[in-house]
Ligand SMILES: Cc1cc2nc3c(=O)[nH]c(=O)nc-3n(C[C@H](O)[C@H](O)[C@H](O)COP(=O)(O)OP(=O)(O)OC[C@H]3O[C@@H](n4cnc5c(N)ncnc54)[C@H](O)[C@@H]3O)c2cc1C
């Protein structure tokens, strides 16, 4: 086995990566964070925001510069998703699906003509969607029923897709359908569908509890004829494209979660360190700060006011009075016995 190493641990960013991350973070805090609450309430992206994402190169991060992309790397896409999700996870998922799923699939499996035609568009002004799930095939994605019937130099698509991210904004859809249901997963084929294609339409948009600005829609295909030069990869090999791109897309979703967790921590720490007790100008004591963190976290999660079964105990762990017994006797007992004794004592004195 060949081992290659640059000498730096994986957790250390290169200078370029750190600069990129800081640039995206600055953009996200200036342009996305102030809009996040209103976009979530409206259940829509601010229409000024999408052109800014394209201008910043965030919709074609690892598309080569020759096709109008930012010429970055997959890792940079993940850094961008993390920093954007720190400002708004809904914008994070928009950027994630575009870069780690659709651009990635076309770059890896598309013909050179498909790359120059479609990646140039996704880098410049076209949002893209990744369309695999159906009402009866979620985790079991290869049970999909959407049909693609060959007819001359075209494939005619019939069926529907569910829960498709970015669908309301997208102009390009990477759609998985089967050319031969009897072949099982080996019938699955990937197609590029345009919003303007006859026989294609958007169905119901889900009204979600979270990441509400991100669109999640049903797609309908009724006799939608697609030229055969829009097949991505080989006919019957769409399952491989689906598995491999989803494996990488999951890294992007991990980055999204990291951004969300960081934002929650930032908010809790900010609140806890700026809070003042009513009767005192001093920063609250440790217990109060912990309570403050907890209530900020609950507020951020929308559970304020409702008792949580997992709420931590705030009661001090230090006994007010030592359990009886000589120092020698206590020091001889095992840690388990000491804990049990101390717990018994605490519960007997609890009010
Ligand atoms: C906000 C949102 C955005 C989405 N965006 C997209 C998108 O852009 N493109 C797309 O194609 N899809 C998208 N989806 C669909 C998503 O991929 C599916 O929801 C997911 O694959 C799970 O499918 P399901 O909801 O049908 O759950 P099910 O497959 O019905 O699973 C329900 C539960 O059963 C468990 N389970 C399933 N199978 C087994 C098993 N064999 N053994 C034990 N447990 C099992 C699962 O872990 C899960 O907990 C999106 C979904 C949501 C909610």
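Among the candidates 225, 198, 183, the residue that is away from the ligand (no atom under 12 Å from the Cβ), out of contact with any helix residue (DSSP H, G or I) (no Cβ under 7 Å at 6 or more places or on another chain) and in a helix (DSSP H, G or I) is uniquely 183. Here segment 148-173 is the region considered, the condition is being farther than 30 Å from residue 125 by Cβ and part of a strand (DSSP E or B), and the residue that is nearest to the ligand (Cβ to nearest atom) is 149.
For every residue, the table says whether it meets (1) in a helix (DSSP H, G or I); (2) buried (at least 22 other Cβ atoms within 10 Å of the Cβ).
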| position | (1), (2) |
| --- | --- |
| 212 | no, no |
| 221 | no, yes |
| 235 | no, no |
| 247 | yes, no |
| 251 | yes, no |
| 259 | yes, yes |
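The criterion of being within 13 Å of residue 252 (Cα to Cα), touching a residue at least 40 places away in the same chain (Cβ under 8 Å) and either in contact with a helix residue (DSSP H, G or I) (Cβ under 7 Å, 6 or more places away or on another chain) or part of a helix (DSSP H, G or I) (or both) does not hold for residue 33.
Can residue 105 be described as part of a loop (DSSP other than H, G, I, E, B), within 16 Å of the ligand (Cβ to nearest atom) and within 29 Å of residue 25 (Cα to Cα)? So residue 105 fails the test.
Among the residues of segment 108-147, which ones are farther than 27 Å from residue 59 by Cα, modelled with pLDDT of 95 or more, within 16 Å of the ligand (Cβ to nearest atom) and crowded, with 17+ Cβ neighbours inside 10 Å? Of everything in segment 108-147, those that are farther than 27 Å from residue 59 by Cα, modelled with pLDDT of 95 or more, within 16 Å of the ligand (Cβ to nearest atom) and crowded, with 17+ Cβ neighbours inside 10 Å turn out to be 144, 146. The residues of segment 149-204 that are under 16 Å from residue 228 (Cβ atoms) and free of Cβ contacts under 8 Å to residues at least 24 places away in the same chain, listed by number, are 152, 194.
If you go through segment 63-97 and keep only what is surrounded by 24 or more Cβ atoms within 10 Å (Cβ to Cβ) and more than 18 Å from residue 257 (Cβ to Cβ), you end up with just 63. Here residue 207 clears all of (1) within 16 Å of the ligand (Cβ to nearest atom); (2) surrounded by fewer than 22 Cβ atoms within 10 Å (Cβ to Cβ); (3) assigned to a strand (DSSP E or B) except the condition numbered (3). Quick one: is residue 46 modelled with pLDDT of 95 or more, over 16 Å from the mean Cα position of the chain (by Cα) and surrounded by fewer than 18 Cβ atoms within 10 Å (Cβ to Cβ)? When the stated conditions are applied, residue 46 passes them. Check whether at least one residue in segment 70-92 is under 23 Å from the mean Cα position of the chain (by Cα), in a loop (DSSP other than H, G, I, E, B) and within 11 Å of the ligand (Cβ to nearest atom), and report yes or no. Within segment 70-92, not a single residue is under 23 Å from the mean Cα position of the chain (by Cα), in a loop (DSSP other than H, G, I, E, B) and within 11 Å of the ligand (Cβ to nearest atom).
The values are calculated or read from the model by the stated rules, or taken from the named source; none is laboratory data. The model shown is predicted, which means the values in this text are computed figures rather than measured ones. Methodologically, a virtual Cβ is constructed for each residue, glycine included, from the backbone with ideal geometry; neighbour enumeration extends over all protein chains shown.
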